[in-house]
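Down below is the structure, laid out as structure tokens.
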Amino acid sequence: MLKIYNTADKKLEEFKPLGEIVKIYTCGPTVYDFQHIGNYAAYIYWDLLVRTLKADGYKVRRVLNFTDVGHLVSDADEGEDKFEKTSRREGKSVDEIAKFYGDDFMRNFRALQLVEPDVVARATDYIEDDKRAVDTMTAGGFTYETADGVYYDTSKFPGYAEFAKLDLDGLKAGARVGFSDEKRNVSDFAVWKFIQPGEKHAMRWDYLGRPGYPGWHLECSVIIDKELGSPIDIHTGGIDHIPIHHTNEIAQTYAMTGRELSKYWMHCDFITIEGEKISKSLGNVYSLSDLAERGFSPMDFKMWVLAGHYQGTRNFTFDSLEAAKQRRLNWRNRIALCYQREIANNNEAMMKIVDAVNNNLGSPEAFAIIDTSELMMEDWEKVDELFGLNLIADTPDVSEDVKRMIFERQVARDNKDFARSDEIRDELKRRGVTVEDTPSGPIWQYLI
Ligand code: AMP
Ligand code: ZN
């Protein structure tokens with residue numbers, strides 16, 4: 001039985017699906033730059049959610065979006081468009097930027113063995129749907145037009161502040177002095193932005209008689225409605241999305257359909273790096289390639305992520321990543337042992353592991369059980385399926401050649417020909433294998 005912490009109600013709840021197929025939506029990357037390891041941590045947690053549901057026998061339909069338009073530097077409809085900025089910096093078109101970084105993201109997604117979403121929805125493929133959604137919200141009296149766009153009037157949605165427990169009066173008081181645009185309420189947000197005469201904005205679509213582009217929050221409500229149909233079962237994202245982005249998604253879906261957006265909401269906390277927040281100015285915006293350069297594979301990083309809980313603040317250090325790498329090597333060598341020795345069946349351990357992840361994605365507890373339980377090959381297969389760690393694929397049985405060398409080394413030792421046995425041991429090391437002598441004979445292990 002799956003239990004998850006529902007951010008909407010702020011409590012741990014038993015998961016009860018709405019229908020035959022569990023509908024999941026994950027707010028995806030803004031594809032204007034390389035994603036950093038903090039971003040990937042989020043997708044690793046949601047991958048565990050999907051895998052846990054599958055292990056429980058549910059059918060899942062999952063949608064992930066790519067924001068390839070209209071995401072301003074600030075979440076609150078201000079600043080420059082991230083794509084325009086990158087396009088200028090790199091001397092490439094906005095389409096090229098979105099394609100390049102989108103492809104890079106999917107490559108890493110696969111390298112991390114994350115289950116592919118059923119739909120990867122690019123925001124720019126939904127512009128006509130966006131316009132229709134704005135029409136519907138306007139017909140329902142939820143919007144108003146200003147000189148720079150169509151805004152959602154948040155006072156028209158009575159539950160606006162509920163989801164994030166927003167303090168709207170406080171927000172108002174804290175709003176910048178000189179807050180003098182045409183917004184009626186401080187929390188109102190653009191569902192469509194107009195491009196001003198003379199403003200450079202490559203991505204533009206005609207709507208309401210002028211060029212413009214959708215507000216950032218709109219795509220998620222629109223994609224969910226089209227690809228999944230609201231309400232969905234589970235909506236996931238980072239905690240940064242609670243006060244603005246997800247609050248606005250909920251408001252839009254209400255104005256578009258009169259329905260709730262999602263029954264369950266799951267949010268992961270942020271990771272820091274060596275105690276600092278991830279930021280360009282600190283030079284700690286590590287990508288997976290940066291980790292690879294230091295000798296860590298995507299699977300080592302995944303081990304590091306899942307060793308912690310999605311709701312905890314995680315502090316990344318290279319020492320802890322090294323520990324995760326060693327733990328994975330240890331697990332792989334226990335798989336290697338399965339090729340060499342009979343391991344007794346231990347149904348109980350596997351049941352405990354599945355129970356741990358069913359308890360609000362308790363991967364740290366599950367990992368602790370794996371560390372301390374005897375597991376046979378069939379169990380490791382299940383571990384791989386549940387966490388997508390590629391353990392077995394990365395741990396093939398050694399070749400016949402190596403097996404012969406291990407045998408020859410044993411013969412040399414029996415004959416007290418230690419020079420020869422050392423020579424063979426060194427050659428095995430060069431091939432990444434070490435041999436340990438135990439009372440029941442030699443056992444080989446992987447060194448890397
Ligand atoms: P973005 O591409 O900026 O929209 O971010 C993609 C996802 O990564 C969002 O769900 C963010 O909440 C998440 N995210 C961003 N920074 C971090 C971080 N330091 N730790 C964990 N998740 C993050
Ligand atoms: Zn979203």
*asked:* Any residue that is buried (at least 18 other Cβ atoms within 10 Å of the Cβ) and under 17 Å from Leu112 (Cα atoms) - is there at least one of those in segment 312-319?
replied: no
*In segment 386-417, how many are farther than 15 Å from Leu337 by Cβ, assigned to a helix (DSSP H, G or I) and not charged (D, E, K, R)?*
8
*For Lys193, state whether it is more than 16 Å from ligand 1 (Cβ to nearest atom) and not in a strand (DSSP E or B).*
no
_Yes or no: segment 121-128 includes at least one residue that is over 30 Å from Glu199 (Cα atoms) and without any contact (Cβ under 8 Å) to a residue 60 or more places away in the chain._
no
*asked:* So Ala41 passes all but one of these: (1) more than 17 Å from Gly237 (Cβ to Cβ); (2) away from ligand 2 (no atom under 16 Å from the Cβ). Which condition number does it fail?
replied: (1)
*Hey, can you tell me all the residues within segment 249-269 that are under 20 Å from Phe157 (Cβ atoms) and within 14 Å of ligand 1 (Cβ to nearest atom)?*
Glu249, Trp265
*Determine whether segment 270-288 contains at least one residue that is in contact with a Ser or Thr (Cβ under 8 Å, 6 or more places away or on another chain), at negative phi and away from ligand 1 (no atom under 12 Å from the Cβ).*
no
*asked:* Being at pLDDT 95 or above and in contact with a strand residue (DSSP E or B) (Cβ under 7 Å, 6 or more places away or on another chain) is true for just one of Ile271, Ile250. Which residue is that?
replied: Ile271
_Condition first: in a helix (DSSP H, G or I) and not aromatic (Phe, Trp, Tyr). Can you find one or more residues in segment 139-153 that meet it?_
yes
*Considering residues of segment 418-444 that are open to solvent by 70 Å² or more (accessible area, probe 1.4 Å) and small (Gly, Ala, Ser) only, the residue nearest to Cys338 (Cα to Cα)*: Ser440
*asked:* When the residues of segment 214-231 are narrowed to those that are open to solvent by 10 Å² or more (accessible area, probe 1.4 Å) and either basic (Lys, Arg) or in contact with a His (Cβ under 7 Å, 6 or more places away or on another chain) (or both), which ends up nearest to ligand 2 (Cβ to nearest atom)?
replied: Trp216
*Any idea which of Asp384, Asp394 is among the charged types (D, E, K, R) and in contact with a Leu (Cβ under 7 Å, 6 or more places away or on another chain)?*
Asp384
*Out of segment 407-416, which residues are among the charged types (D, E, K, R) and open to solvent by 70 Å² or more (accessible area, probe 1.4 Å)?*
Glu408, Arg413, Asp414, Lys416
*Somewhere in segment 1-13, is a residue touching a residue at least 40 places away in the same chain (Cβ under 8 Å), within 16 Å of ligand 2 (Cβ to nearest atom), touching a helix residue (DSSP H, G or I) at 6+ places or on another chain (Cβ under 6 Å) and open to solvent by less than 60 Å² (accessible area, probe 1.4 Å)?*
no
*Can you name every residue in segment 232-271 that is in contact with a helix residue (DSSP H, G or I) (Cβ under 8 Å, 6 or more places away or on another chain) and either open to solvent by 30 Å² or more (accessible area, probe 1.4 Å) or charged (D, E, K, R) (or both)?*
Glu249, Met256, Thr257, Arg259, Glu260, Asp269, Phe270
_Residues satisfying the stated conditions in segment 330-353, i.e. under 20 Å from Thr52 (Cα atoms) and either over 27 Å from the mean Cα position of the chain (by Cα) or open to solvent by less than 40 Å² (accessible area, probe 1.4 Å) (or both)_ = Asn347, Glu348, Ala349, Met350, Ile353
*Subset of segment 44-72 [within 16 Å of ligand 2 (Cβ to nearest atom) and either open to solvent by 40 Å² or more (accessible area, probe 1.4 Å) or among the small types (Gly, Ala, Ser) (or both)]*: Gly70
*Of the criteria (1) open to solvent by 20 Å² or more (accessible area, probe 1.4 Å); (2) out of contact with any strand residue (DSSP E or B) (no Cβ under 6 Å at 6 or more places or on another chain); (3) within 18 Å of Thr67 (Cβ to Cβ), which one Phe105 fails*: (1)
_If Glu374 meets every condition in (1) over 18 Å from Leu53 (Cα atoms); (2) open to solvent by less than 40 Å² (accessible area, probe 1.4 Å) apart from one, which number is that one?_
(2)
*Could you tell me which of the residues Asp68, Asp77 is under 21 Å from Glu219 (Cα atoms) and at pLDDT below 90?*
Asp77
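The values are calculated or read from the model by the stated rules, or taken from the named source; none is laboratory data. Here the structure is a predicted model, which is why all the values come from computation and not from measurement. Because the Cβ atoms are built from the backbone with ideal geometry, glycine has one as well, and the counts that use them run over all protein chains shown. Accessible surface is based on the protein model in full, side chains and every heavy atom, while ligands, DNA and RNA are left aside. Shrake-Rupley method; radii C 1.70, N 1.55, O 1.52, S 1.80 Å.
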